[in-house]
Amino acid sequence: MDDYRKMYEKSVNPETAEAFWGEQATRFIDWIRPFDTVRMGGFEVGDHAWFVGGQMNVSSSCLDKHLPKLASKPAIVWEADEPGTCETLTYLDVLHGTCRIANALKVTGAAKGDFVTIYMPMMPDTAMAMLACTRIGAPHTVVFAGFTASSLRDRILDSQSKWVLTSDVGKRGSKTIKLKEITDAAVSQCPKVQKIFVFKRTGEEVPTNRDVDVHMDELLPKMRPYCPPTPVAAEDTLFTLYTSGSTGKPKGVAHAAAGYLLQAAMTCLYSFDLRETDVFACVADVGWITGHSYIVYGPLCNGATTVMFESVPTYPDPGRYWDLVDRHGVTVFYTAPTAIRALMAHGEAPVKKYSRASLRILGTVGEPINPEAWRWYYEVVGDKRCSIVDTYWQTETGGHVMTPLPGVTPMKPGSCCLPFFGVVPKVLDSQTGAELRETAVDGVLAFGQSWPGACRTVWGDHERYMNTYLLPYPPNYFTGDGCRRDEDGYFWIMGRIDDVLNTSGHRIGTAEVESALVAHQAVAQAATVGYPHDIKGQGICCYLELTKGYEESPELIKELKGAVRSAIGPFATPDLIIAVPLPKTRSGKIMRRILRKVAAGEESQLGDVTTLADPTVVDALITKVKKVQ
Ligand code: PRX
């Protein structure tokens with residue numbers, strides 16, 4: 001901890017920060033031209049910039065940098081949807097694959113600065129396609145391969161992509177997703193798209209349009225397996241990634257090449273204590289920021305072996321993750337609390353069937369982890385011998401901004417602990433914006449100064465960037481999250497501000513209520529929302545999925561209300577408890593917006609529900625809520 005504190009101090013103190021970050025940037029990035037200035041600008045006007053004057057190439061810092069030493073080291077281990085089907089690509093294989101795709105893009109006409117949309121499944125070609133874009137200095141926009149044609153169209157149009165990369169189909173949990181068909185439907189409304197590059201996943205027959213389609217299985221073997229890296233400026237846009245705001249259309253969050261890469265690589269190294277022998281499995285999808293930073297850029301920049309997992313945790317059975325761990329000797333495993341809770345509902349047997357002896361570190365990301373799930377992860381999955389790293393960050397932050405360091409930071413179940421290097425967390429009063437300086441306080445979470453991985457703009461709409469992040473509490477970056485800092489200075493994320501309830505003048509984190517509920521064995525998953533309540537201001541409505549074998553009954557509902565009451569206090573007693581299948585996105589995130597609207601009786605204003613894994617749950621939800629209310 002002393003070392004952490006010293007390094008942290010160096011990273012944020014204005015007198016030492018430039019030397020600190022200059023050193024880190026030199027350590028992780030191969031500079032083609034050295035930078036002149038470590039940082040410039042700030043959050044005041046949103047012109048913060050890092051490593052100005054420097055030129056580099058992201059793919060060469062992830063691949064060429066490791067050669068020839070790591071040429072035959074596995075870079076990507078692919079675990080396909082079909083259990084037992086896998087493929088290993090060495091660093092040299094990945095460089096060759098990346099360069100072939102880069103050359104294919106170039107001969108077809110793609111050039112530096114052109115946006116490329118990637119709509120592909122979880123296969124090695126996807127990672128190489130991303131790296132190929134960086135090779136030629138073309139920013140990529142990866143669209144999660146579970147999005148619909150209209151969402152894909154909107155992202156292609158917003159980014160003005162001229163080039164789209166896809167595959168014949170995608171596979172997930174034995175289901176086939178017709179990616180080429182969906183791409184055709186999207187592109188038919190995108191007049192600027194010149195070519196669709198089609199990779200083969202299964203090789204099945206798909207619709208073809210010879211004028212537009214480029215068949216990669218025919219073109220790639222003709223391409224030279226080397227392509228010189230195009231130098232890009234440190235601040236050039238590496239990629240945009242669309243993320244939902246609380247209102248309006250998704251924002252294209254834009255990241256800068258050098259700062260982002262440094263954030264991804266450095267957090268990957270420190271948060272996961274990455275070593276040469278590690279096999280790192282981040283089981284997210286590359287279509288989300290977690291996949292960008294911790295499947296592709298972070299691990300590869302560190303010369304690690306990264307696992308790409310195409311399937312879902314319960315296919316063909318709930319032991320799939322642990323089977324993956326044993327077969328590939330995974331040492332660091334990184335997933336979301338949602339997955340942990342889903343697996344918890346199946347009990348310990350599917351975990352205990354596998355040895356998991358290789359595991360060293362277990363990470364979690366994406367939402368607050370309730371202490372119950374944390375303990376299950378620690379005790380059942382990790383056999384009480386693996387560190388748990390609860391990593392807090394956002395699409396906008398590029399990489400972790402608050403996290404324990406494994407083996408260093410004393411853990412507290414449910415807390416993301418302490419800030420990462422360069423990050424200055426501030427707890428603010430949500431009304432006045434005043435910084436709350438006492439140690440133990442509740443407030444909104446903001447960051448006081450730029451860190452290298454902070455997003456630089458919302459693509460094409462800098463005003464929206466300013467309004468969303470930098471102007472609500474100037475001169476800070478506003479996270480949109482509520483948080484608590486405890487007496488030890490540890491941070492606890494309470495969920496999005498709009499997920500914090502105020503009932504009878506009491507502020508209650510929805511996460512707290514949910515944690516109390518899922519601590520009950522009858523509850524597999526819970527989501528709490530506020531709804532207008534005549535007397536209390538906001539009432540507490542809890543939606544939940546019951547553990548297999550439990551039935552909803554008045555007795556059980558009473559018991560659950562009692563569980564929340566005794567865990568938090570009488571003021572937190574839920575007004576409504578409704579057992580119903582929860583509306584989730586394909587990545588497993590609960591769409592609280594829908595739950596809030598339905599609880600508030602605003603089902604006519606649900607907005608876009610196309611990203612739901614199963615849109616039919618919405619009707620079931622509305623019917624059930626009407627019956628209960
Ligand atoms: O509310 C926080 C929650 O996820 C939000 C960011 O979502 P997204 O941009 O989709 O990125 C997800 C992957 C980084 C945050 O504003 N969140 C993320 N990690 C945690 C978390 N909440 C609590 N604890 C975390 N570890």
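The values are calculated or read from the model by the stated rules, or taken from the named source; none is laboratory data. Just so you know, these numbers come straight off a predicted model, no measurement behind them. Quick reminder, even Gly has a Cβ in these numbers, built from the backbone with ideal geometry, and neighbours come from all protein chains shown.
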Given (1) within 28 Å of Pro299 (Cα to Cα); (2) part of a helix (DSSP H, G or I); (3) aliphatic (A, V, I, L, M), Leu157 misses just (1)
Restricted to region 463-475 and to residues being within 23 Å of the chain's Cα centre (by Cα) and within 15 Å of the ligand (Cβ to nearest atom), the residue nearest to Val423 (Cα to Cα) is Tyr469
Of (1) surrounded by fewer than 21 Cβ atoms within 10 Å (Cβ to Cβ); (2) without any contact (Cβ under 8 Å) to a residue 40 or more places away in the chain; (3) not polar (S, T, N, Q), Pro313 fails just (1)
Exception for Ala281 within (1) farther than 24 Å from Val518 by Cα; (2) within 16 Å of the ligand (Cβ to nearest atom) falls at (2)
**OP:** Please tell me if Glu18 is out of contact with any helix residue (DSSP H, G or I) (no Cβ under 8 Å at 6 or more places or on another chain), assigned to a helix (DSSP H, G or I) and modelled with pLDDT of 95 or more.
**Re:** yes
Restricting region 385-413 to residues that are of a type in the set (D, E, K, R) and either within 22 Å of Ala446 (Cα to Cα) or crowded, with 20+ Cβ neighbours inside 10 Å (or both), the one farthest from the chain's Cα centre (by Cα) turns out to be Lys412
Ala233: passes all of (1) among the aliphatic types (A, V, I, L, M); (2) under 15 Å from Val58 (Cβ atoms); (3) away from the ligand (no atom under 16 Å from the Cβ); (4) buried (at least 24 other Cβ atoms within 10 Å of the Cβ) but (4)
query = Does Leu428 satisfy the condition of being in contact (Cβ under 8 Å) with a residue 60 or more places away in the chain and away from the ligand (no atom under 11 Å from the Cβ)?
reply = no
Expected single match for in contact (Cβ under 8 Å) with a residue 60 or more places away in the chain, more than 30 Å from Lys175 (Cα to Cα) and not charged (D, E, K, R) among Pro532, Pro554 is Pro532
| task | With respect to Leu560, determine if the residue is at pLDDT 90 or above, within 16 Å of the ligand (Cβ to nearest atom) and under 24 Å from Ile508 (Cα atoms). | result | no
Scanning region 192-237 residue by residue, the ones that are under 30 Å from Thr26 (Cβ atoms), in contact (Cβ under 8 Å) with a residue 40 or more places away in the chain and part of a loop (DSSP other than H, G, I, E, B) total 9
Those residues of region 478-509 which are assigned to a strand (DSSP E or B), away from the ligand (no atom under 11 Å from the Cβ) and at pLDDT 75 or above amount to Arg484, Arg485
Residues that are among the β-branched types (Val, Ile, Thr) and farther than 16 Å from Ala149 by Cβ: does region 206-221 have at least one?
yes
Residue pairs within 6 Å by beta carbon, gap of at least six or interchain, first lying in region 109-123 and farther than 17 Å from Thr166 by Cβ, second of a type in the set (Ser, Thr, Tyr) and crowded, with 18+ Cβ neighbours inside 10 Å, listed first then second, are Lys112/Thr230
By residue number, the members of region 568-581 that are surrounded by fewer than 20 Cβ atoms within 10 Å (Cβ to Cβ) and under 13 Å from Leu544 (Cβ atoms) are Leu576, Pro581
What do you reckon, is Val523 more than 20 Å from Ile594 (Cα to Cα) and among the β-branched types (Val, Ile, Thr)?
-> yes
Among Asp486, Asp575, the single one that is among the acidic types (Asp, Glu) and in contact with a Cys (Cβ under 7 Å, 6 or more places away or on another chain) is Asp575
Val458 crowded, with 22+ Cβ neighbours inside 10 Å and more than 16 Å from the ligand (Cβ to nearest atom): no
Taking region 71-101 and the residues there that are among the hydroxyl-bearing types (Ser, Thr, Tyr) and surrounded by fewer than 23 Cβ atoms within 10 Å (Cβ to Cβ), the one that is farthest from Asp285 (Cα to Cα) would be Ser72
- Query: Restricting attention to region 587-609, does a residue exist that is farther than 22 Å from Ile497 by Cβ, assigned to a helix (DSSP H, G or I), modelled with pLDDT under 95 and among the small types (Gly, Ala, Ser)?
  - Reply: yes
The number of residues in region 39-83 that are closer than 30 Å to Arg172 by Cα and without any contact (Cβ under 8 Å) to a residue 60 or more places away in the chain is 1
Note on region 530-554: residues surrounded by 17 or more Cβ atoms within 10 Å (Cβ to Cβ) and outside any loop (DSSP other than H, G, I, E, B) are Gly530, Tyr531, Gln538, Gly539, Ile540, Cys541, Cys542, Tyr543, Leu544, Glu545, Leu546
Q.
Regarding region 515-531, can at least one residue be identified that is modelled with pLDDT under 90 and within 27 Å of Thr267 (Cβ to Cβ)?
A. yes
In region 354-375, anything aromatic (Phe, Trp, Tyr) and surrounded by fewer than 20 Cβ atoms within 10 Å (Cβ to Cβ) is listed as Tyr354
Flagged in region 538-564 as touching a strand residue (DSSP E or B) at 6+ places or on another chain (Cβ under 6 Å) and not hydrophobic (A, V, I, L, M, F, W, C), in numbering order, are Gln538, Gly539, Tyr543, Glu545, Thr547, Glu552
Among (1) closer than 22 Å to Thr395 by Cα; (2) of a type in the set (Ser, Thr, Tyr); (3) in a loop (DSSP other than H, G, I, E, B), Thr277 falls short only on (1)
